[in-house]
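None of the figures in this text is laboratory data; all of them are computed from the coordinates on show. Since we're looking at a predicted model, the values are computed, not measured. Cβ sites come from the backbone with ideal geometry, for glycine too, and all protein chains shown count toward neighbours.
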Amino acid sequence: MRRLNQTEPQRLVRLGAVGGAIGGNEEIGECGGKGACQYAPLSCYGCGQWIANADADHSIPLDYVRNRIKRNRAFGQIATQEVERDTLLEKLIELRISQIERHKAARESVDLMGSKP
């Protein structure tokens with residue numbers, strides 16, 4: 001019996017999927033699960049298995065979601081569910097960005113304390 005060559009699922013999450021070429025090829029994190037899901041990178045912000053890259057520009061997905069909210073609000077009642085979904089996603093991204101900023105600040109303070117004579 002011939003064995004098929006299986007590749008490991010893609011664990012690296014890149015911004016390219018957000019808004020087309022806007023995000024480019026920047027790595028925003030890594031999937032701690034079996035592999036990045038089909039809704040990555042936007043769904044990653046609410047996932048407990050996602051490991052964020054602290055040096056990435058997470059404002060790109062936030063701006064993308066905010067623009068989607070504005071666009072869907074223009075449709076009125078018909079797009080209410082999409083607006084609610086994206087509003088929740090906006091809050092999740094904001095929360096993750098604040099966590100990243102706190103982590104960076106704590107890391108910098110440890111680095112400063114360690115460099116004192």
Net charge near ILE93: determine it from the other residues with C-beta under 11 Å of the C-beta of ILE93, scoring Lys and Arg +1 and Asp and Glu -1.
-1
Nearest 0.05, what FRET efficiency do ALA106 and SER43 give at R0 = 30 Å with Cβ-Cβ as r?
0.65
Simple label model, 7 Å out from Cα along Cβ direction - GLN99 to GLU82, nm:
2.8 nm
